[in-house]
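So the structure is just underneath, and the comments pick up after that.
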Amino acid sequence: QVQLVESGGGLVQPGGSLRLSCAASGSIFSINVMGWYRQAPGKQRELVATIARDGRTKYADSVKGRFTISRDNAKNTVYLQTDSLKPEDTAVYYCNADYGRFSWGQGTQVTVSS
């Protein structure tokens, strides 16, 4: 199994930035893809960005050019750099690992408000 722990959320003004971190432990050698998803109140969980084992990335259209997903293999950590944040980015952000099965972190709240 894979365990995931997110951190880095918080309250930020529109136009600001946050860096979210997701630390993985357990059977990390079996992870194929890691990603970030988010869920706003009253809405379904949606894909934000993913990064594959070979480094290929994918982004939701709503965050392209503003968010960047990256990883540090030595630290078993995936990051989501969020820039130019908008109020509509407000959500709980979840880390996900695909290793044939799926693991989710507990989520970290991001609130964009003036």
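The values are calculated or read from the model by the stated rules, or taken from the named source; none is laboratory data. None of these values were measured; they are calculated from a predicted model. Neighbour counts are summed over all protein chains in view; Cβ atoms, including those assigned to glycine, are modelled from backbone coordinates with ideal geometry. We work out accessible area using only protein heavy atoms, side chains counted, and drop any ligands, DNA or RNA first. Shrake-Rupley method; radii C 1.70, N 1.55, O 1.52, S 1.80 Å.
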Discussion item. Looking only at segment 3-26, filter to residues that are open to solvent by less than 30 Å² (accessible area, probe 1.4 Å) and over 16 Å from the mean Cα position of the chain (by Cα); which one of those is farthest from THR68 (Cα to Cα)?
Written reply: VAL12
Discussion item. Tell me whether segment 43-60 contains one or more residues that are open to solvent by 20 Å² or more (accessible area, probe 1.4 Å) and in contact with a Pro (Cβ under 7 Å, 6 or more places away or on another chain).
Written reply: no
Fill in: Unmet requirement for ALA74, which otherwise passes all of (1) hydrophobic (A, V, I, L, M, F, W, C); (2) modelled with pLDDT of 95 or more; (3) open to solvent by 20 Å² or more (accessible area, probe 1.4 Å)
(2)
Item to complete: Could you please find all residues in segment 26-66 being of a type in the set (D, E, K, R), closer than 17 Å to TRP104 by Cβ and in a strand (DSSP E or B)?
Response: ARG38, GLU46
Practice prompt. Looking only at segment 67-75, decide whether some residue is free of Cβ contacts under 8 Å to residues at least 12 places away in the same chain, in a strand (DSSP E or B) and either of a type in the set (D, E, K, R) or under 19 Å from ALA40 (Cβ atoms) (or both).
Written response: yes
Discussion item. Take the residues in segment 77-114 that are touching a strand residue (DSSP E or B) at 6+ places or on another chain (Cβ under 6 Å) and acidic (Asp, Glu); name whichever of them is modelled with the highest pLDDT.
Written reply: ASP89
